[in-house]
Protein chains: 2
Amino acid sequence: MTTPCIITVAITGSVPTKADNPAVPVTVSEQVESTHAAFEAGASLAHLHVRNDDGSTTSDPDRFARLIEGIRAHCPGMIVQVSTGGRSGTGEERGGMIPLKPDMASLSTGSCNFPTRVYENAPTFIDWLAERMKAHAVKPEIEIFDLAMLFKAVDMAGDGRIVAPLHVQFVMGVKNAVPVDRETFEFYVRTLRRLAPDATWTGAGIGRHQLTLHHWSLELGGHLRT
Amino acid sequence: MTTPCIITVAITGSVPTKADNPAVPVTVSEQVESTHAAFEAGASLAHLHVRNDDGSTTSDPDRFARLIEGIRAHCPGMIVQVSTGGRSGTGEERGGMIPLKPDMASLSTGSCNFPTRVYENAPTFIDWLAERMKAHAVKPEIEIFDLAMLFKAVDMAGDGRIVAPLHVQFVMGVKNAVPVDRETFEFYVRTLRRLAPDATWTGAGIGRHQLTLHHWSLELGGHLRT
Ligand SMILES: [Zn+2]
Ligand SMILES: [Zn+2]
Ligand SMILES: [Zn+2]
Ligand SMILES: [Zn+2]
């Protein structure tokens, strides 16, 4: 049995700025352009963050609206996934773009440490964000930075807070969260199969670890993200 | 090769109050008395929280000082371990009792969700608390509520922030953190053996899960906590 492979492009993360790399697309038109190039090259899913004009991160729904509209116009059929990650705001503004009805949105089902801070997703916030996604028929991509987030997502799918089947992404290599570790990756996949056999999944490595996780995901039967 | 078994007693947790259970020892003299009873019954390590007179949690160093003094007087040779857990304060007051030089203190090497909130241990706070323990020759018991905390502890032992060998406690069954799961428990033990072969460890289950973790720890060769 084979599952079609989904090639994802994350054109703009939440961390790099033009000062780090002048090629990072920051404005909405730059983002649409580089998403379109990836679409032409075969990417079928775009993972989206937005920035202010000065390059700082934001969750501004207007920027998201223009970006989604641009991608829908230029990349027909491409899956549009928005980030609700904590770097782009605190509290409920992180879910302000959900009513735009992107195809998918990221959802972290727990808290953990990041390089210099706590990545906070309190239990009530997770429930609020999941409910908003359910209300707007947005499919969550569960971002797993640590093991408890996997158990929590399975729980939420079990009682209907998240519409099953789960789609999860195992993220490795963020300092102070779970590192790039093959045994752990295999344990993640094994545990997901045990607890949510109908779930789909992918692996994501941060920075120089992208290719490693890409290869591990292919080997173990997951979907891809580039 | 066998390792002697350490029977631990946690006479007063951070959650239950006299309203839940009138038998919970709250005052310092009640705590000394019930620790002494456990000591007579064979417990060799006391894990300590302190309370205010109204039963609310605190990290007050004066209370800790009286409790430690009482136990040292009545239970000669017993290992005294203090809790630096987040329920009893926020920020640096959580380490205010370290200069009292208890034998051990708990140290959580990461953040995760607890039943109704984020259990926050920011990277800088962890370093601060570990350094304070090192300066006062207090042995940390690493409290592992999620997998990333294990990797972080190994890192810190590797660069000397924690004095090796590590002693860790795998805590299972706190809602929203890692639940009681046998496969995960075995993975924890296997991973610790792979990354820190000289480490010692124990398992702890919350509430009704105490006996389960107790038995799993015995089976897999860990130390005990009751
Ligand atoms: Zn694939
Ligand atoms: Zn992202
Ligand atoms: Zn033992
Ligand atoms: Zn405790």
State all residues of the stretch A:154-168 that are of a type in the set (Val, Ile, Thr) and within 12 Å of chain B (Cβ to nearest Cβ); if no residue qualifies, say none.
A:154
In the set A:134, A:139, which member is in contact with a helix residue (DSSP H, G or I) (Cβ under 8 Å, 6 or more places away or on another chain), more than 14 Å from chain B (Cβ to nearest Cβ) and over 22 Å from residue B:186 (Cα atoms)?
A:139
Can you pull out every residue in the stretch B:178-192 that is among the β-branched types (Val, Ile, Thr) and more than 10 Å from chain A (Cβ to nearest Cβ)?
B:180, B:189
Between A:151, A:114, which is among the aromatic types (Phe, Trp, Tyr), surrounded by fewer than 24 Cβ atoms within 10 Å (Cβ to Cβ), touching a residue at least 12 places away in the same chain (Cβ under 8 Å) and facing another protein chain (nearest Cβ under 7 Å)?
A:151
Restricting the stretch B:46-102 to residues that are of a type in the set (Lys, Arg), closer than 20 Å to residue B:34 by Cα and modelled with pLDDT of 90 or more, which is surrounded by the most Cβ atoms within 10 Å (Cβ to Cβ)?
B:63
Checking residue A:128 against (1) surrounded by fewer than 19 Cβ atoms within 10 Å (Cβ to Cβ); (2) of a type in the set (Phe, Trp, Tyr); (3) closer than 21 Å to residue B:188 by Cβ, which test does it fail?
(3)
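The values are calculated or read from the model by the stated rules, or taken from the named source; none is laboratory data. Bear in mind that the values here come from a model prediction, so they are computed numbers and not experimental data. Quick reminder, even Gly has a Cβ in these numbers, built from the backbone with ideal geometry, and neighbours come from all protein chains shown.
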